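The values are calculated or read from the model by the stated rules, or taken from the named source; none is laboratory data. Worth saying up front: this structure is predicted, and the values here are computed from it rather than measured. Glycine gets a Cβ as well: all are built from the backbone with ideal geometry, and neighbour counts include every protein chain shown.
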């Protein structure tokens, strides 16, 4: 895990021996399960360290200090094989975490890896965001909402901001040229109760392409009709 250790150091993090062992086990299980289901197209040892693990940890550049508190809670929208929140959970074991994933096969892997890594206070929710966001147990309940490589930002804010409590934050991981995408999302951000705080470039020579954290604060409640029914936010973004 040398590339991960070095890259994390550049982000200001020193991984413990135990954490490195957890990442090693995570890699082994990811590759093994990927032989029987499509979890990721990236399986090379070095590439997983950088493009999955280290990329997930770049979210720490925008995390509040409260992330070390057990009262802090996180939901990861469309988490897939657990990115970015499982690597964050390895780093910060205290907060509660909900992994939201609509594909049942992927949730089977998530249950498995949580057990293997001995992660506590983690819930796996097999549901679409459009449906889960209307459930009282999840609507506007989270201090931090995360999402990585799920949808274009105008769609994504409709899926994510309803989970975020007032005073909380939504962080979307993006890469490439995102200026136009962010501009197009401004109306949706306002409608859904958010305010764009910052589009922060990840300054790291570990990545070949430009990577950004789009940081959105939740400043007022999301209107009850959002998110719209499954598929509509993608077909007809606000």
Study note, to complete from the structure: Going through the stretch 223-236 in order, the residues found to be closer than 24 Å to residue 179 by Cβ and either in contact (Cβ under 8 Å) with a residue 24 or more places away in the chain or in a strand (DSSP E or B) (or both) are 233, 234
Review point. Only one of (1) in contact (Cβ under 8 Å) with a residue 40 or more places away in the chain; (2) out of contact with any helix residue (DSSP H, G or I) (no Cβ under 7 Å at 6 or more places or on another chain); (3) assigned to a loop (DSSP other than H, G, I, E, B); (4) buried (at least 18 other Cβ atoms within 10 Å of the Cβ) fails for residue 70. Which number is that?
Key: (4)
Check your understanding: What is the number of the single condition among (1) more than 25 Å from residue 200 (Cβ to Cβ); (2) in a helix (DSSP H, G or I); (3) touching a residue at least 24 places away in the same chain (Cβ under 8 Å) that residue 49 does not meet?
Key -> (1)
**Study point:** Given (1) closer than 20 Å to residue 212 by Cβ; (2) in contact with a strand residue (DSSP E or B) (Cβ under 8 Å, 6 or more places away or on another chain); (3) surrounded by fewer than 16 Cβ atoms within 10 Å (Cβ to Cβ), index of the condition residue 12 fails
**Key:** (2)
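Would you confirm whether or not the stretch 117-125 contains a residue that is under 23 Å from residue 153 (Cα atoms) and buried (at least 23 other Cβ atoms within 10 Å of the Cβ)?
No; the residues of the stretch 117-125 include none that is under 23 Å from residue 153 (Cα atoms) and buried (at least 23 other Cβ atoms within 10 Å of the Cβ).
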Revision key, fill the gap. Scanning the stretch 152-193 for residues that are closer than 12 Å to residue 142 by Cβ and within 14 Å of the chain's Cα centre (by Cα), the one surrounded by the fewest Cβ atoms within 10 Å (Cβ to Cβ) turns out to be 169
Review point. Is there a residue being over 23 Å from residue 8 (Cβ atoms) and either at pLDDT below 95 or in contact with a strand residue (DSSP E or B) (Cβ under 6 Å, 6 or more places away or on another chain) (or both) anywhere in the stretch 111-120?
Key: yes
Practice item. Could you tell me whether any residue of the stretch 211-222 is farther than 26 Å from residue 56 by Cα, out of contact with any helix residue (DSSP H, G or I) (no Cβ under 9 Å at 6 or more places or on another chain) and either assigned to a strand (DSSP E or B) or at pLDDT 95 or above (or both)? Key: yes
